[in-house]
Amino acid sequence: MPPWILRALDHFVPPARKTDEVELRQGRLLVAMLGLVLLTVPWNSVVQLYRGHWALLGVSTTTIALHSAALLAYRRYDNHALISQLLLAFGALGIWAAALLSGLLYSPVTPIFAAVPLVALALIGERAVRRWTVVSITAVLSLTAAELAGFSQRDMLLQFFQPVPVTLNLLLLVGYIAGIGYFLQVLNEIQRQQVEQARRAADEARAAADAANAAKSSFLANMSHELRTPMNGVLGLAEVLLHGKNLTEAQRLQLRTIHESGRTLVSLLNDILDLSKVESGHVQLDELPWAVPTALEEVRQLFGQSAARKGLVLRTRCGPEVPPLLLGDPARVRQVLLNLVGNAIKFTAAGEVELSAALSGPTLRLSVRDTGIGVDVDAQQRIFEPFTQADSSTSRRHGGTGLGLAICSRLVGLMGGRIELQSAPGLGSRFTVCLPLRPAPPGTAPPADPAPVGPPPDVLPGGSAPLPAPDGPLPAPEGPPPPDAAPTNTPAAPAARAVAAKPRCLLVEDVAVNQVVATMMMERLGFSVEVVDEGPAALSRILEGDHWDIILMDWQLPGMDGLEVTRRARAAGVRLRIVGVTANVRAEDREAGLAAGMDDFVGKPYTLDQLQRAVRGS
């Protein structure tokens, strides 16, 4: 549309409507239609005056007066809805009166009724279409009734069919329809732009949310690293001292309290990290074969001593209908079972805890039943929410933060299942994990090296009791590390092995407290230890050709990180056993260490037993 026409229309549009594109377009259309009536009807009035059609002239004059008043009031009072309704009412009434006086159904103005609902759509919106459609149909039916009743002004019909009136009325009809078409076209374009803007806004919001999740994950990972480093010193030294032989019972009790309190803090830290990872969608499930009886037995072995100390019977039962091998994520399934069994033992004072597996149609049902305190109905509605427990006194009596079940619920949901709860106060509880049954294809080999008993490296049983501290000294390892750990990058290795009284460990660690903990633990395992606190120096010592039986490699080192040291050592042909020791305990961290060439991975804080298993490769 030419700019000068738009400027003329904008002159009558209220200023408040010019800030919104859709309202501006509606205002322009209303002004255009009012103007179109004022441009065409006067010519009809001239013809009617010339021919002496006084009734029609009265209709035309009234139409001109009302539309002029509406146009002048529109800009001043900004009453778009009222003016639009009046325009539609004036138009419908004028068309009806003109048709009544000029041939009823045969009048040249009668077809204009078809434009009334379209005008309502353009000016007001969809909510007005039905109303004005009914008005138009009613008007046409009334003309039909008048025609059937014999009321007809056929003498005036001939006058209406003169060239000038017909042309003007057709021009009015065409103008209405053209204006509506233009408006609807523009409206579609505006809506398309709004959809595009909404899509871009959604993309930006999604990107911002992803960035916020990434920032949160990075923050939590960094905080985890910083918290685990001092906790490694606290727990490691407490465990080393607990292995001493000359402790009084009071001293041993104090050390066990320190150790168990530290394990509780680490468990809480793991829970927070795990919940954050689940809620941000960063958990990736594995697709591995696993055996249900093996998983149940691992959980039973882990909590057997804890149950026995409380006088509880811990039993497992696997139905014969359960397939020998399933597909899924065994680490996550075990994490859920560890949490549920740990909670069952913690909240059961006497009786038994049973972990069972059975099939129900296409669903695998893993149930944990206890004879504990139970959960009332109201608490069952919220118990799977974060930081929620059955009642406010639960955390004081039994400990925990209420994160464990929230994590379990979300993990099971990611695996396509759900957790059911049946419980009553004083009668115990039954938590049932319902997972889609996914049998492994025929011929699938069972897991060659089942996961060691205990939680995965980056997870502790959330909400369960802390793992017990050792009660006495561990026996020294029998003999040196296995032959496959011997170096192959130097011919002097056999001679060195013959001379060395103890297997040798190169400890690459820059934090003093971690050096003390690792050195004391490795010496208790029968190793002599040399400490290097920088990446470049560690690489030099590895490549010098000295015989090392094991290398404990921290990740964050001055000069060169432990991953890069490992990669360069492997590239140089070093085949020593390298165990990564770091406070970065996420699954992706473990994968990064193994990809760099490390043989195993131990997350801080670690126990002597965990370190021994990593060193031995068992």
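Right, R51: open to solvent by 60 Å² or more (accessible area, probe 1.4 Å), in contact (Cβ under 8 Å) with a residue 40 or more places away in the chain and within 30 Å of L100 (Cβ to Cβ) or not? Criteria met by R51.
Among the residues of region 322-344, just one is more than 32 Å from the chain's Cα centre (by Cα) and among the hydrophobic types (A, V, I, L, M, F, W, C), namely V322.
Can we say P42 is under 59 Å from the mean Cα position of the chain (by Cα) and more than 23 Å from T138 (Cβ to Cβ)? So P42 fails the test. Here L340 meets the list (1) without any contact (Cβ under 8 Å) to a residue 12 or more places away in the chain; (2) assigned to a helix (DSSP H, G or I) almost entirely, failing just condition (1). Can you tell me which residues in region 228-249 are open to solvent by 60 Å² or more (accessible area, probe 1.4 Å), of a type outside the set (V, I, T) and either over 16 Å from A512 (Cβ atoms) or in contact with a Phe, Trp or Tyr (Cβ under 6 Å, 6 or more places away or on another chain) (or both)? The answer is L241, K245, N246, E249.
Against the conditions (1) at pLDDT 80 or above; (2) within 22 Å of the chain's Cα centre (by Cα); (3) open to solvent by 30 Å² or more (accessible area, probe 1.4 Å), where does G417 fall short? Just the number, please. Only one criterion in (1) at pLDDT 80 or above; (2) within 22 Å of the chain's Cα centre (by Cα); (3) open to solvent by 30 Å² or more (accessible area, probe 1.4 Å) is unmet by G417, namely (3).
Any idea which residue in region 126-153 is modelled with the lowest pLDDT, counting only those that are small (G, A, S) and surrounded by 14 or more Cβ atoms within 10 Å (Cβ to Cβ)?
Filtering region 126-153 down to residues small (G, A, S) leaves 128, 136, 139, 142, 145-146, 149-150, 152.
Going one step further and asking which of them are surrounded by 14 or more Cβ atoms within 10 Å (Cβ to Cβ), we end up with 128, 136, 139, 142, 146, 152.
Working: A128: 81, S136: 87, A139: 88, S142: 89, A146: 85, S152: 62.
Ranking the candidates gives S152 first.
Could you run through region 90-100 and say how many residues are of a type outside the set (F, W, Y) and open to solvent by 40 Å² or more (accessible area, probe 1.4 Å)? Walk me through it before giving the result.
Keep residues of region 90-100 that are of a type outside the set (F, W, Y), which gives 91-95, 97-100.
With open to solvent by 40 Å² or more (accessible area, probe 1.4 Å) added as a condition, the list becomes 93.
The total comes to 1.
Restricting attention to region 299-325, the residues that are open to solvent by 30 Å² or more (accessible area, probe 1.4 Å), among the hydroxyl-bearing types (S, T, Y) and more than 16 Å from V433 (Cβ to Cβ) total 0. Would you confirm, using the coordinates I've provided, whether A207 is surrounded by 10 or more Cβ atoms within 10 Å (Cβ to Cβ), farther than 30 Å from V513 by Cα and modelled with pLDDT of 75 or more? It is true that A207 is surrounded by 10 or more Cβ atoms within 10 Å (Cβ to Cβ), farther than 30 Å from V513 by Cα and modelled with pLDDT of 75 or more.
Does R317 satisfy the criteria of being in contact (Cβ under 8 Å) with a residue 40 or more places away in the chain, among the charged types (D, E, K, R) and not in a helix (DSSP H, G or I)? Spelling it out, R317 is indeed in contact (Cβ under 8 Å) with a residue 40 or more places away in the chain, among the charged types (D, E, K, R) and not in a helix (DSSP H, G or I). A single member of V615, V585, V579 is in a loop (DSSP other than H, G, I, E, B) and either buried (at least 22 other Cβ atoms within 10 Å of the Cβ) or in contact with an Asp or Glu (Cβ under 6 Å, 6 or more places away or on another chain) (or both), and it is V585. The residue that is modelled with the lowest pLDDT, counting only those in region 275-298 that are surrounded by fewer than 18 Cβ atoms within 10 Å (Cβ to Cβ) and of a type in the set (D, E), is E279. Listed conditions (1) under 23 Å from I272 (Cβ atoms); (2) open to solvent by less than 20 Å² (accessible area, probe 1.4 Å) are all met by G328, apart from (1).
Just to check your reading of the model, which residue among L253, L268, L242 is over 16 Å from N584 (Cβ atoms) and touching a helix residue (DSSP H, G or I) at 6+ places or on another chain (Cβ under 9 Å)?
Details: L253 fails: touching a helix residue (DSSP H, G or I) at 6+ places or on another chain (Cβ under 9 Å); L268 fails: touching a helix residue (DSSP H, G or I) at 6+ places or on another chain (Cβ under 9 Å).
Just one listed residue meets the conditions, L242.
Per the conditions (1) open to solvent by 30 Å² or more (accessible area, probe 1.4 Å); (2) among the hydroxyl-bearing types (S, T, Y); (3) at pLDDT below 90, the sole criterion not satisfied by T371 is (3). Only strands (runs of 3 or more DSSP E) whose full extent lies in region 502-558 are considered here, and the ones with at least 1 residues that are open to solvent by less than 10 Å² (accessible area, probe 1.4 Å) and under 26 Å from L227 (Cα atoms) are 504-508, 550-553.
Residue-by-condition table, conditions (1) modelled with pLDDT under 90; (2) out of contact with any strand residue (DSSP E or B) (no Cβ under 6 Å at 6 or more places or on another chain); (3) of a type in the set (V, I, T); (4) farther than 21 Å from N232 by Cα:
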position: E564; (1), (2), (3), (4): no, yes, no, yes
position: R568; (1), (2), (3), (4): no, yes, no, yes
position: V579; (1), (2), (3), (4): no, no, yes, no
position: R586; (1), (2), (3), (4): yes, yes, no, no
position: E591; (1), (2), (3), (4): yes, yes, no, yes
position: D599; (1), (2), (3), (4): no, no, no, yes
position: K604; (1), (2), (3), (4): yes, yes, no, no
position: T607; (1), (2), (3), (4): yes, yes, yes, no
position: S618; (1), (2), (3), (4): yes, yes, no, yes
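The values are calculated or read from the model by the stated rules, or taken from the named source; none is laboratory data. The structure displayed is predicted, hence computed values, not measured ones. Note: ideal-geometry Cβ built from the backbone for every residue, glycine included; neighbour counts use all protein chains shown. Accessible surface is based on the protein model in full, side chains and every heavy atom, while ligands, DNA and RNA are left aside. Shrake-Rupley method; radii C 1.70, N 1.55, O 1.52, S 1.80 Å.
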